[in-house]
1. Among the residues of region B:173-217, which ones are open to solvent by 30 Å² or more (accessible area, probe 1.4 Å) and more than 9 Å from chain A (Cβ to nearest Cβ)?
2. From the list B:Ile67, B:Ile49, B:Ile60, which residue is touching a residue at least 12 places away in the same chain (Cβ under 8 Å), of a type outside the set (Ser, Thr, Tyr), open to solvent by 20 Å² or more (accessible area, probe 1.4 Å) and away from chain A (no Cβ under 14 Å)?
3. Only one of (1) open to solvent by less than 70 Å² (accessible area, probe 1.4 Å); (2) at pLDDT 95 or above fails for B:Val155. Which number is that?
4. Out of curiosity, is B:Ala173 farther than 17 Å from B:Ala97 by Cβ and modelled with pLDDT of 90 or more?
5. Here are some residues: A:Gly45, A:Gly35. Which one is under 16 Å from the mean Cα position of the chain (by Cα), small (Gly, Ala, Ser) and not in a strand (DSSP E or B)?
6. Which of the numbered conditions does B:Arg16 fail, given that it passes all the others? Conditions: (1) in contact (Cβ under 8 Å) with a residue 40 or more places away in the chain; (2) within 25 Å of B:Leu284 (Cα to Cα).
7. Pick out the one residue from B:Arg3, B:Arg40 that is within 14 Å of chain A (Cβ to nearest Cβ) and surrounded by fewer than 16 Cβ atoms within 10 Å (Cβ to Cβ).
8. For region A:97-107, enumerate the residues that are more than 7 Å from every other protein chain (Cβ to nearest Cβ) and either within 24 Å of A:Arg172 (Cβ to Cβ) or outside any loop (DSSP other than H, G, I, E, B) (or both).
Amino acid sequence: MAAASETPVLETRDLDKRFGGIVAANAISMAIRRGARHALIGPNGAGKTTFVNLLTGMLRPSGGEILLDGAPITNLEPHRRVRLGIARTFQINQLFADLTPIETLGLAVSERHGSGRDWWRIVGSRAGITAEVAELLERFRLVDVMTERTAILPYGKQRLLEIAVAFACGPRVLLLDEPAAGVPEAERHEILATIAALPADVTVLLIEHDMDIVFSFADRISVLVNGELFVEGPPDEVARDPRVKAVYLGEAFDG
Amino acid sequence: MTRKADTAVTRFLTSRARIGPFETAFWLAAFATIYFLPGRHLILTETAIWGLFALSLDLILGYAGIISLGHAAFFGVGAYAAGLLAKYEIIVEPSVALLCAGLIAAALGFATSFLVLRGSDLTRLMVTLGVSLVCFELANKFADLTGGADGLQGVAMAPVFGAYRFDLFGHTAYVYTLAWLFVLFMLARRVVNSPFGLSLKAIKGNPLRSSAIGIAVNWRLVAIYTLSAGYAGIAGGLLAQTQAFASLSMLSIERSADVLLILIIGGTGYLYGGLIGALIYRLLQDYLSDLTARYWQFWIGLLLVAIVLVGRERIGGWIRSVETQIGRALRWPASTSSADQGA
């Protein structure tokens, strides 16, 4: 066993997922270093979101193993993985339309503190939790809309809330599934700035289409093609790799 | 800045749980009827029981989004439990017996909650309906115990706390029922305003995201379904105790449908819907049956269609907005700060 500091914070070994005859993940072995800014790229349908669903327990793998800090979590339910420190955002917003940002973040923070089952105390009566919610609202620039129903927030704010609520779970590993997808150019920088400002001790796995974002953010890049890990390395290496260029130019690549 | 935001967050979150002027007035009026409407205590008792029953349904439908067409199963089981406990003098003290009836119904709720965890609204409708049909036929079959189609006869109620006899005019019964309603309402109010209650609304809104922020979705649903069944059981027990009788109709699908109707009339998801719905239903029943003795349900049906088409939460919304207006007029603390921003 490697020393603790060398244990990847999140690791998959030969992870498989088949839907009938379709192979969505094929023997993916990937290690994510603690504190990394890791990006996962690949053409449409490469299996990026499937991989995130496997990591978070929304899907069960057909084979292989997932380890968090060296401990297997392959068969844990999603909410247990969240408590152990894996949080995610969704490519398509998954928010609570009728709740406000305050309540949304309050929920996540309460769960983390184990007071989500508390049925007697009134919401908002724990000073530690409200202070944390206030801090999150500021970090993710949501203070001005914090008492609005989520459903009526501008899309950019909803995307910020999507990241904020995942971050509120206090993750060791944060999985961002195309955080800026669909956000108008003018609101984009706000999202990128908050992602760039995430604390260094939180490991980030970013799934993204936009190469500008990937190369400005990542210190390591994995390329997924047809459910397989295709290339992995530092950004400059991946950028120079002719095979990656071939894939992104849409040319068939063999072997 | 953070300090200011923190204060705003605390104020916003706790404002929901604050008792507003409408609520105070509502309960003052309810308790005032003890003195001012002595001639109506029989009807008011029945109305309060319907209100409590509808409140129990609101806990799962309005907060957790679980639709049920068989909630009478728990009501009826609570009724028979309370009736049998009194008839065979197993537990003589009515309030303790009622609590036991509630616990028995809650146990049934817990056991059947696992059936409603998964699936669509249609699955849930059918499963809850199925459970209530099974309970109905069991009560029908074991006539030696339940009295079958004749109902449970020979229930003699002991005085409450050994002192207050259930009288012919229903005065004791009304005070007893109203006291239970008030206590259980305040408890439910506490529960829905807790982090647990908020997590139910989250599950109702988006179960996928709920599990993605660490909420154990299934266990929360089991918990609220169990609590709701217990509440329904106590409502049923109250009816059995105050009428010294239990019957198959308390388990029937008509009762399940009526309670859903009452809740929809009153509006879901703010707790008062059940109580207000029960009142409106009762008043309409009285008024309409004076007007057209045999066809009053025609108008109820028409009202139901209208309400659902206008929007089922509209009535509740109107009341809330009136409350906000009154609150502003009285300079009561605004219930949301978004109202402030709009000004």
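1. B:Val175, B:Ala179, B:Trp180, B:Phe182, B:Val183, B:Met186, B:Leu187, B:Pro207
2. From the options B:Ile67, B:Ile49, B:Ile60, the qualifying one is B:Ile67.
3. Of everything listed in (1) open to solvent by less than 70 Å² (accessible area, probe 1.4 Å); (2) at pLDDT 95 or above, B:Val155 misses just condition (2).
4. Answer is no for this residue.
5. The unique qualifying residue is A:Gly35.
6. Result: B:Arg16 passes all but (2).
7. Only one candidate qualifies: B:Arg3.
8. Within region A:97-107, A:Pro101, A:Thr104, A:Leu105 qualify.
The values are calculated or read from the model by the stated rules, or taken from the named source; none is laboratory data. All of these numbers come straight from a predicted model, not from anything done at the bench. Every residue, glycine among them, receives a Cβ derived from its backbone with ideal geometry; neighbour counts consider all protein chains shown. Note: areas computed on protein heavy atoms with side chains; ligands, DNA, RNA excluded. Shrake-Rupley method; radii C 1.70, N 1.55, O 1.52, S 1.80 Å.
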